[in-house]
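The values are calculated or read from the model by the stated rules, or taken from the named source; none is laboratory data. The structure displayed is predicted, hence computed values, not measured ones. Virtual Cβ from ideal backbone geometry, glycine too; neighbours counted across all protein chains shown. Just the protein is used for accessible areas: all its heavy atoms, side chains included, with ligands, DNA and RNA removed. Shrake-Rupley method; radii C 1.70, N 1.55, O 1.52, S 1.80 Å.
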Amino acid sequence: MTESEEQPRPVRPLVPWMAVLGAALLGAGAFCPAVVEPSGEALSYRAFQTADGNVVLGAAAASFVLTWVFRWYRGLFVTAGVALFMIGATLLKVTRAGYGPSALAWGWLPLAAGAVLLLAAAITAQKDRPPRDEETSTEEEGDPEV
C-alpha cells in the first residue's frame, strides 16, 4: 500500500474556514439593510422580499451544515448558486419596482461576499481533489479485461 492509499488527502485548512465565513456572511447579510424606500425607511433583505430572504437563509444554513458537519464541499456549488440566483432575482425585482439604483443599501455587500466565498471554497476544494484512477475503477466495477 502506498502512503496515499492509507490516508485520504486532507483538504486545505483554509477551505472550511472560507465556507463557514461565507455561510456566516450570507446569513448575517439577510438581516442587514438592503433597500431604502422612498420614505427613507431601510428594509433588510428578509423584510423586503420574505421568500427570497428565507431561501438565502436556508442556503446559508445548508452551507454551514455541509461544511461543519459533513465536510462535503461539492454541495457548496449548489448552495452558492442558489444564493447568487436569489440575490440576482431580487436585484431585478428592486429595479423593476421603480426604486432605482440609489435605493440599494450596504446590505448587499455581505450577501454577495458570502455567496462568492462559498463558491471560492467549493472551487478550491474541487481543485484539490485527487484525480480518479481509471485502472482501479475498472477493477472495482468488475469489468473483465479483454
(message) Contact list please: Cβ distance under 6 Å, first residue in the range 17-34 and without any contact (Cβ under 8 Å) to a residue 40 or more places away in the chain, second residue open to solvent by less than 10 Å² (accessible area, probe 1.4 Å) and of a type outside the set (A, V, I, L, M, F, W, C), pairs at least six apart or on different chains.
(response) none
(request) Evaluate the range 13-30: report whether one residue or more is part of a loop (DSSP other than H, G, I, E, B), more than 26 Å from residue 102 (Cα to Cα) and modelled with pLDDT under 95. (result) yes
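Does at least one position in the range 42-51 carry a residue that is in contact with a Gly (Cβ under 6 Å, 6 or more places away or on another chain), within 22 Å of residue 103 (Cα to Cα) and not in a helix (DSSP H, G or I)?
No, every residue in the range 42-51 fails to be in contact with a Gly (Cβ under 6 Å, 6 or more places away or on another chain), within 22 Å of residue 103 (Cα to Cα) and not in a helix (DSSP H, G or I).
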(request) Scan (1) closer than 29 Å to residue 127 by Cβ; (2) open to solvent by 20 Å² or more (accessible area, probe 1.4 Å); (3) among the small types (Gly, Ala, Ser) for the single condition residue 27 breaks and write down its number. (result) (2)
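Which of the residues that make up the range 65-77 are part of a helix (DSSP H, G or I), in contact with a helix residue (DSSP H, G or I) (Cβ under 8 Å, 6 or more places away or on another chain) and surrounded by fewer than 19 Cβ atoms within 10 Å (Cβ to Cβ)?
Initial filter on the range 65-77 (part of a helix (DSSP H, G or I)): 65-69, 75-77.
Next cut, in contact with a helix residue (DSSP H, G or I) (Cβ under 8 Å, 6 or more places away or on another chain) only: 66-68, 75-77.
Listed by number, the residues that qualify are 68, 75, 77.
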(message) Looking at the structure I just gave you, is residue 38 outside any helix (DSSP H, G or I), closer than 30 Å to residue 16 by Cα and not polar (S, T, N, Q)?
(response) no
(message) Quick check on this structure: which one of 144, 110 is farther than 14 Å from residue 36 by Cα and modelled with pLDDT under 90?
(response) 144
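Identify, please: which residue in the range 95-111 is of a type outside the set (Phe, Trp, Tyr) and farther than 24 Å from residue 23 by Cβ and is, among those, surrounded by the most Cβ atoms within 10 Å (Cβ to Cβ)?
In the first step, residues of the range 95-111 are kept if they are of a type outside the set (Phe, Trp, Tyr); the result is 95-98, 100-105, 107, 109-111.
Subsequent filtering for residues that are farther than 24 Å from residue 23 by Cβ retains 95-98, 100-103.
Values: 95: 12, 96: 8, 97: 11, 98: 8, 100: 10, 101: 8, 102: 8, 103: 18.
Going through the qualifying residues, I end up with 103.
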(message) What are the pairs with Cβ atoms under 6 angstrom where one residue, in the range 37-58, is under 18 Å from residue 25 (Cα atoms) and the other, located anywhere, is assigned to a helix (DSSP H, G or I) and open to solvent by 70 Å² or more (accessible area, probe 1.4 Å)? Sequence gap at least six, or different chains.
(response) 53/46
